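Structure, as structure tokens:
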Amino acid sequence: MHALLVLLPVALFLALLLYVGYRANRRLSASASFQSEYFLGSRSLGGVVLAMTLVATYGSVSTYVSGPGLAWGYGMGWVVFAAPQIITGFLILGVLGKKMAVLSRRTDSLTVIDLVSRRYDCRALSILLSLVLLVFFSATTVGQFVGGAQIFAAITGLDYKVGLIMFAAVTVLYTAGGYRAVVLTDAVCAVLMLTGMFLLGYVILHDGGGLSAVMAKLQTIDVQEDGRSALLTYNAGGALPLSLLFSAWLLVGFCTVGLPQSMVRCMSYKSTQSLHQAMLVATIICGALMIGLTLLGVFARAVIPELPKGGSDALIPELIVGHMHPLLAGITIIGPLAATMSTVSSLLIAACSAVMRDLYLQAAGHPCPDAVSQKLSKLMTVLIGAVCIILALYPLDVVAWINLFAFGGLESAFLWPLVLGLFMPRMNKQGALLGVICGLGVYTLMGIFKLNLWGWHNIAWGCAAGFIASMIGMYLGPRPSRAVAEVFFPHKAA
Amino acid sequence: MHNITENSSSPASPAENQSADLSYAQKFQQMDKEATAVIIAALLITAFFWGSIYLFKDSPAEFLALPLWFVVSCLGGYLLSIAAVWVLVRRFMRNFSLD
């Protein structure tokens with residue numbers, strides 16, 4: 001009975017996503033250009049949907065599970081770590097949004113790597129970035145599947161594999177319907193992520209006896225020599241060094257401009273009006289979700305004073321199971337599932353585009369014809385999804401390990417070629433290639449060897465190395481051609 | 001009253017003017033300006049955030065039972081971000097055709 005009540009809202013949610021995906025799929029068969037519809041939704045996104053899909057893609061199962069869990073331990077210091085995300089909602093849209101929209105239309109680009117190819121005309125760079133994207137996106141997808149399935153198992157008491165196959169198969173199925181299906185389901189997911197957060201907030205404050213009682217309780221935990229609780233200091237009583245907190249402004253703040261799954265969204269909206277609206281809506285939702293969920297983890301300490309047996313990742317499941325009516329639990333668990341699925345769907349469709357457009361172009365020497373793409377794209381999406389499901393069923397250490405590096409790795413690979421390529425006329429393929437290799441290399445190697453230079457996160461070093469290498473490569477190589485300058489820098493091409 | 005009707009019916013209202021007037025090169029000039037404004041706004045928000053932590057981190061004052069540094073930096077920073085985007089899209093960003 002308990003499991004049934006929990007499963008009922010989840011089943012309705014999955015059915016709703018399939019229905020939305022099915023509706024979008026019908027638009028697909030009616031569209032003039034298959035690839036433009038399948039990979040970009042025919043560039044027709046309005047402001048609210050653009051904002052929702054951006055935030056839902058960005059917010060993942062770790063936002064919902066690991067973040068609050070860490071905040072349970074560190075207190076408000078972890079909210080300081082998460083706080084840079086108040087700028088994440090508008091930064092990429094404001095910096096790259098319009099240029100990517102104008103240039104992708106002008107050059108007929110459907111993927112981020114399409115645009116990179118037009119800018120640099122460098123085969124090695126396009127192949128390298130396609131592979132980086134494919135490997136990191138697949139590993140992240142597996143990680144998301146594992147995280148989502150674990151929380152599902154913890155809450156429903158059902159077998160891990162049953163839950164995994166159920167929601168992962170639904171995700172892959174609707175993602176195969178194309179980009180429009182992905183962004184519309186993302187919008188549904190964003191709403192449910194917010195709903196889950198409000199329900200969790202209600203339960204925590206209710207069971208904790210109100211905000212004042214919760215705060216009074218927190219003041220008695222982890223009390224330092226000066227009489228204040230470490231939970232209520234900005235650096236968790238010194239546990240979080242300033243250099244790490246500053247690094248967060250790069251990792252989840254400024255460098256998120258380099259996330260390719262966000263970039264592709266900049267190519268898919270309708271008009272400047274939609275972009276402006278999306279900047280506002282995304283800032284409101286992104287900040288609310290990221291600060292809200294992390295803060296709930298802090299408050300949860302007053303309700304669950306002992307660390308759950310499963311570690312800090314078990315905090316949210318324990319809250320949902322131990323403190324909620326089964327029906328309410330069923331609605332709340334949709335939050336982390338929605339966070340998982342909306343991230344996965346966007347990564348899958350982008351991974352499919354990397355194979356069908358970018359790698360196909362490099363392997364065959366000509367762009368994939370619409371007729372071929374029409375036959376193979378859905379199959380490719382399902383295939384990549386199926387591989388990820390299998391890897392989540394039979395976890396490999398190496399995949400879990402790549403997943404750890406994926407977020408910052410994508411940033412350190414894609415940030416400079418795009419930002420410098422769109423804003424610096426002198427930037428050339430030598431700079432881009434050297435920047436990607438050094439940025440990603442330094443980021444990954446420092447992670448592997450656990451080099452910790454003055455407490456800064458590796459993203460700071462990867463980002464700096466990528467920039468310096470880009471500059472060196474740029475000045476060693478020639479200026480880009482006249483033709484490139486006229487398209488990408490019409491205002492500076494003399 | 002007279003003015004309002006005149007403005008809204010006039011074909012030369014500012015928004016329409018902007019979209020009609022920008023050439024391909026002018027759009028790029030405008031987009032460079034907008035990107036600069038957005039980055040400056042993000043840096044100002046960063047400065048406000050750390051400035052308020054520096055100022056209030058040792059203050060025992062509370063607001064709604066929450067420490068003052070937290071309310072100003074995290075909640076205030078969030079509201080500041082929303083206000084900053086409002087100003088950006090109203091004052092600094094222009095509408096033009098993407099084609």
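The values are calculated or read from the model by the stated rules, or taken from the named source; none is laboratory data. Because the structure is predicted, anything quoted here is derived from the model rather than measured. Note that we place each Cβ from the backbone using ideal geometry, even for glycine, and neighbour counts take in every protein chain shown. Ligands, DNA and RNA are excluded from the accessible area calculation, which covers all protein heavy atoms including side chains. Shrake-Rupley method; radii C 1.70, N 1.55, O 1.52, S 1.80 Å.
Inspect the stretch A:118-138 for any residue being closer than 30 Å to B:Ser23 by Cβ and among the hydrophobic types (A, V, I, L, M, F, W, C) and give the result as yes or no. Even if it seems obvious, please write down each step before you answer.
Taking the stretch A:118-138 as the starting set, the residues that turn out to be closer than 30 Å to B:Ser23 by Cβ are A:118-122.
Now narrow it down to the ones that are among the hydrophobic types (A, V, I, L, M, F, W, C): A:122.
Checked against the condition, which is being closer than 30 Å to B:Ser23 by Cβ and among the hydrophobic types (A, V, I, L, M, F, W, C), the stretch A:118-138 yields at least one hit.
Can you pull out the residues in the stretch B:88-99 that are in a helix (DSSP H, G or I) and either buried (at least 17 other Cβ atoms within 10 Å of the Cβ) or small (Gly, Ala, Ser) (or both)?
Residues of the stretch B:88-99 in a helix (DSSP H, G or I): B:88-92.
Across the stretch B:88-99, the qualifying residues are B:Leu88, B:Val89.
From the list A:Val264, A:Val203, which residue is among the β-branched types (Val, Ile, Thr), more than 13 Å from every other protein chain (Cβ to nearest Cβ), open to solvent by less than 30 Å² (accessible area, probe 1.4 Å) and under 30 Å from A:Ser353 (Cβ atoms)?
Numbers: A:Val203 fails: under 30 Å from A:Ser353 (Cβ atoms).
Going through A:Val264, A:Val203 in turn, just one is among the β-branched types (Val, Ile, Thr), more than 13 Å from every other protein chain (Cβ to nearest Cβ), open to solvent by less than 30 Å² (accessible area, probe 1.4 Å) and under 30 Å from A:Ser353 (Cβ atoms): A:Val264.
Could you count how many residues in the stretch A:123-171 are free of Cβ contacts under 8 Å to residues at least 60 places away in the same chain and not in a helix (DSSP H, G or I)?
Looking only at that region, the number is 1.
Return the residue satisfying two criteria in turn: it lies in the stretch A:99-112 and is aliphatic (A, V, I, L, M) and part of a helix (DSSP H, G or I), and of such residues it is surrounded by the fewest Cβ atoms within 10 Å (Cβ to Cβ). Before you say what the answer is, go through the steps one by one.
Of the stretch A:99-112, the ones aliphatic (A, V, I, L, M) are A:100-103, A:110, A:112.
Cutting the leftovers down to part of a helix (DSSP H, G or I) gives us A:100-103, A:112.
Values: A:Met100: 25, A:Ala101: 23, A:Val102: 21, A:Leu103: 23, A:Val112: 29.
The extreme case among them is A:Val102.
Quick one: in the stretch B:76-87, of everything that is at the interface with chain A (Cβ under 7 Å from one of its Cβ atoms) and surrounded by fewer than 22 Cβ atoms within 10 Å (Cβ to Cβ), which residue is farthest from B:Asp32 (Cα to Cα)? Let's see the steps before the verdict.
Here is the first cut: in the stretch B:76-87, the ones at the interface with chain A (Cβ under 7 Å from one of its Cβ atoms) are B:77-78, B:81-82, B:85-86.
Of the ones still in play, those that are also surrounded by fewer than 22 Cβ atoms within 10 Å (Cβ to Cβ) are B:82, B:86.
Numbers: B:Ile82: 22, B:Trp86: 19 Å.
Among them, the one singled out is B:Ile82.
Is it true that B:Ser73 is facing chain A (nearest Cβ under 9 Å), open to solvent by less than 30 Å² (accessible area, probe 1.4 Å) and over 29 Å from A:Gln273 (Cβ atoms)? Write out each step before concluding.
Working: facing chain A (nearest Cβ under 9 Å): yes; open to solvent by less than 30 Å² (accessible area, probe 1.4 Å): yes; over 29 Å from A:Gln273 (Cβ atoms): yes.
So B:Ser73 passes the test.
Filter the stretch A:174-186 for residues that are outside any helix (DSSP H, G or I) and of a type in the set (A, V, I, L, M, F, W, C) and give the result. Give the derivation first.
Residues of the stretch A:174-186 outside any helix (DSSP H, G or I): A:176-178.
Listed by number, the list holds a single entry, A:Ala176.
For the stretch A:406-415, does any single residue satisfy the condition of being open to solvent by 30 Å² or more (accessible area, probe 1.4 Å) and closer than 21 Å to A:Gln144 by Cβ?
Of the residues in the stretch A:406-415, the ones open to solvent by 30 Å² or more (accessible area, probe 1.4 Å) are A:407.
After this cut, where a residue has to be closer than 21 Å to A:Gln144 by Cβ as well, the list is A:407.
Checking the stretch A:406-415: at least one residue is open to solvent by 30 Å² or more (accessible area, probe 1.4 Å) and closer than 21 Å to A:Gln144 by Cβ.
For residues that are assigned to a helix (DSSP H, G or I) and open to solvent by 20 Å² or more (accessible area, probe 1.4 Å), scanning just the stretch B:53-70, find the one that is nearest to A:Leu96 (Cα to Cα).
To start, the set of residues in the stretch B:53-70 that are assigned to a helix (DSSP H, G or I) comprises B:53-56, B:68-70.
Okay, now just the ones that are also open to solvent by 20 Å² or more (accessible area, probe 1.4 Å), so B:54-56, B:68.
Values: B:Tyr54: 32, B:Leu55: 34, B:Phe56: 35, B:Leu68: 35 Å.
Top of the filtered list is B:Tyr54.
Within the stretch A:99-111, work out how many residues are touching a Leu at 6+ places or on another chain (Cβ under 8 Å) and either basic (Lys, Arg) or more than 7 Å from chain B (Cβ to nearest Cβ) (or both).
Adding up the residues that qualify gives 8.
Which pairs have Cβ atoms under 7 Å, sit 6 or more apart or on different chains, and link a residue in the stretch B:46-71 that is among the aromatic types (Phe, Trp, Tyr) to one that is part of a loop (DSSP other than H, G, I, E, B)?
Qualifying pairs under 7 Å: B:Phe49/A:Ala83; B:Trp69/A:Tyr234; B:Trp69/B:Lys57; B:Trp69/B:Ser59.
Which one is farthest from the chain's Cα centre (by Cα) among residues in the stretch A:164-200 that are closer than 25 Å to A:Val303 by Cα and open to solvent by less than 10 Å² (accessible area, probe 1.4 Å)?
First, the residues of the stretch A:164-200 that are closer than 25 Å to A:Val303 by Cα: A:192-200.
Subset that is open to solvent by less than 10 Å² (accessible area, probe 1.4 Å): A:193, A:196, A:200.
On the way: A:Met193: 14, A:Gly196: 19, A:Leu200: 22 Å.
Within the stretch A:164-200, the match that is farthest from the chain's Cα centre (by Cα) is A:Leu200.
Every residue in the stretch A:214-231 that is farther than 16 Å from A:Leu70 by Cβ and within 12 Å of chain B (Cβ to nearest Cβ), please. Steps first, please.
Narrowing the stretch A:214-231 to residues farther than 16 Å from A:Leu70 by Cβ: A:214-217, A:219-220, A:223-229.
Of everything in the stretch A:214-231, those that are farther than 16 Å from A:Leu70 by Cβ and within 12 Å of chain B (Cβ to nearest Cβ) turn out to be A:Val214, A:Met215, A:Ala216, A:Lys217, A:Gln219, A:Asp226, A:Gly227, A:Arg228, A:Ser229.
Would you mind finding the one in A:Leu315, A:Leu293, A:Leu307, A:Leu280 that is more than 30 Å from A:Arg106 (Cβ to Cβ) and either surrounded by fewer than 23 Cβ atoms within 10 Å (Cβ to Cβ) or among the acidic types (Asp, Glu) (or both)? Please lay out each step first, then the result.
Values: A:Leu315 fails: either surrounded by fewer than 23 Cβ atoms within 10 Å (Cβ to Cβ) or among the acidic types (Asp, Glu) (or both); A:Leu293 fails: either surrounded by fewer than 23 Cβ atoms within 10 Å (Cβ to Cβ) or among the acidic types (Asp, Glu) (or both); A:Leu280 fails: more than 30 Å from A:Arg106 (Cβ to Cβ).
Among A:Leu315, A:Leu293, A:Leu307, A:Leu280, only A:Leu307 is more than 30 Å from A:Arg106 (Cβ to Cβ) and either surrounded by fewer than 23 Cβ atoms within 10 Å (Cβ to Cβ) or among the acidic types (Asp, Glu) (or both).
Within the stretch A:303-313, can one find any residue that is part of a helix (DSSP H, G or I) and at pLDDT below 95? Lay out the reasoning, then the answer.
Step one: filter the stretch A:303-313 for residues part of a helix (DSSP H, G or I), giving A:312-313.
Adding the requirement that they be at pLDDT below 95 leaves A:312-313.
Scanning the stretch A:303-313, I find at least one residue that is part of a helix (DSSP H, G or I) and at pLDDT below 95, so the answer is yes.
Anything in the stretch B:27-52 that is loosely packed, with under 15 Cβ neighbours inside 10 Å and either closer than 19 Å to A:Val487 by Cβ or within 7 Å of chain A (Cβ to nearest Cβ) (or both)? List them, or say none.
B:Gln29
Name the residues in the stretch A:113-163 that are under 19 Å from A:Thr57 (Cα atoms), open to solvent by 20 Å² or more (accessible area, probe 1.4 Å) and of a type in the set (Phe, Trp, Tyr), would you?
Of everything in the stretch A:113-163, just one residue is under 19 Å from A:Thr57 (Cα atoms), open to solvent by 20 Å² or more (accessible area, probe 1.4 Å) and of a type in the set (Phe, Trp, Tyr), namely A:Phe136.
With the requirement that a residue be of a type outside the set (Val, Ile, Thr), under 19 Å from A:Leu245 (Cβ atoms) and facing another protein chain (nearest Cβ under 7 Å), what does the stretch B:53-65 give you? Show your work before the answer.
Keep residues of the stretch B:53-65 that are of a type outside the set (Val, Ile, Thr), which gives B:54-65.
Right, trim to under 19 Å from A:Leu245 (Cβ atoms) and you get B:54-59.
Within the stretch B:53-65, B:Lys57 is the sole residue that qualifies.
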